[in-house]
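Visitor: Take this structure, written in structure tokens, and hold onto it; I'll ask about it next.
The values are calculated or read from the model by the stated rules, or taken from the named source; none is laboratory data. Since this is a predicted model, take the numbers as computed values, not measurements. Heads up, the Cβs are rebuilt from the backbone with ideal geometry, glycines too, and the neighbour counts pull from every protein chain shown.
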Ligand code: MN
């Protein structure tokens, strides 16, 4: 697999806070990634199965399903079980981080999210945008 593939890497951005979602979308698109947005857990699961993004950026605090539950369902579905999931945790609590990894998240970042750290973490898994 080459990081210079002509098709941009697609990121499913799951975040219920619209202000944060818009800020992340701009950051990711400016970095060359294609972005799909979801504002709820159900929407995230539907989009993940249909669009098969390269990576999912997942806010754990969602209005319907908890992000950990979303992750468990992604891992239980053969279409989505191998997609990289980076969880965005609300608090830097070790218990949350462990729960996150146990649920099947690939990695996590604690809010507030530093833009450079976010892009670096994404790059580790799927390479630079397009
Ligand atoms: Mn949230």
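Visitor: If residue 116 passes every condition in (1) modelled with pLDDT under 95; (2) more than 14 Å from the chain's Cα centre (by Cα) but one, which one does it miss?
Guide: If we test residue 116 against (1) modelled with pLDDT under 95; (2) more than 14 Å from the chain's Cα centre (by Cα), just (1) comes out false.
Visitor: Mind checking which residues of the range 42-54 are surrounded by 24 or more Cβ atoms within 10 Å (Cβ to Cβ) and within 14 Å of the ligand (Cβ to nearest atom)?
Guide: 44
Visitor: Tell me, please, whether a residue that is touching a residue at least 40 places away in the same chain (Cβ under 8 Å), more than 16 Å from the ligand (Cβ to nearest atom) and surrounded by 14 or more Cβ atoms within 10 Å (Cβ to Cβ) can be found in the range 55-78.
Guide: Yes: the range 55-78 contains one or more residues that are touching a residue at least 40 places away in the same chain (Cβ under 8 Å), more than 16 Å from the ligand (Cβ to nearest atom) and surrounded by 14 or more Cβ atoms within 10 Å (Cβ to Cβ).
Visitor: Continuing with the same structure: Being on the phi < 0 side of the Ramachandran plot, away from the ligand (no atom under 15 Å from the Cβ) and either crowded, with 19+ Cβ neighbours inside 10 Å or touching a residue at least 12 places away in the same chain (Cβ under 8 Å) (or both) is the requirement here; does residue 36 meet it?
Guide: Against the criterion (on the phi < 0 side of the Ramachandran plot, away from the ligand (no atom under 15 Å from the Cβ) and either crowded, with 19+ Cβ neighbours inside 10 Å or touching a residue at least 12 places away in the same chain (Cβ under 8 Å) (or both)), residue 36 qualifies.
Visitor: Now a separate question. Is there a residue in the range 65-77 that is assigned to a helix (DSSP H, G or I), modelled with pLDDT under 95 and closer than 24 Å to residue 119 by Cβ?
Guide: yes
Visitor: Could you tell me which numbered condition residue 81 fails, if it satisfies all but one of (1) in a loop (DSSP other than H, G, I, E, B); (2) in contact (Cβ under 8 Å) with a residue 24 or more places away in the chain; (3) surrounded by fewer than 19 Cβ atoms within 10 Å (Cβ to Cβ); (4) touching a helix residue (DSSP H, G or I) at 6+ places or on another chain (Cβ under 9 Å)?
Guide: Of everything listed in (1) in a loop (DSSP other than H, G, I, E, B); (2) in contact (Cβ under 8 Å) with a residue 24 or more places away in the chain; (3) surrounded by fewer than 19 Cβ atoms within 10 Å (Cβ to Cβ); (4) touching a helix residue (DSSP H, G or I) at 6+ places or on another chain (Cβ under 9 Å), residue 81 misses just condition (2).
Visitor: If I filter the range 84-128 down to residues being part of a strand (DSSP E or B) and away from the ligand (no atom under 16 Å from the Cβ), which single residue comes out as nearest to residue 59 (Cα to Cα)?
Guide: Among those that are part of a strand (DSSP E or B) and away from the ligand (no atom under 16 Å from the Cβ), it is 107.
Visitor: Would you confirm whether any residue within the range 43-50 is assigned to a strand (DSSP E or B), in contact with a strand residue (DSSP E or B) (Cβ under 9 Å, 6 or more places away or on another chain) and touching a residue at least 12 places away in the same chain (Cβ under 8 Å)?
Guide: So far as the range 43-50 goes, no, none of its residues is assigned to a strand (DSSP E or B), in contact with a strand residue (DSSP E or B) (Cβ under 9 Å, 6 or more places away or on another chain) and touching a residue at least 12 places away in the same chain (Cβ under 8 Å).
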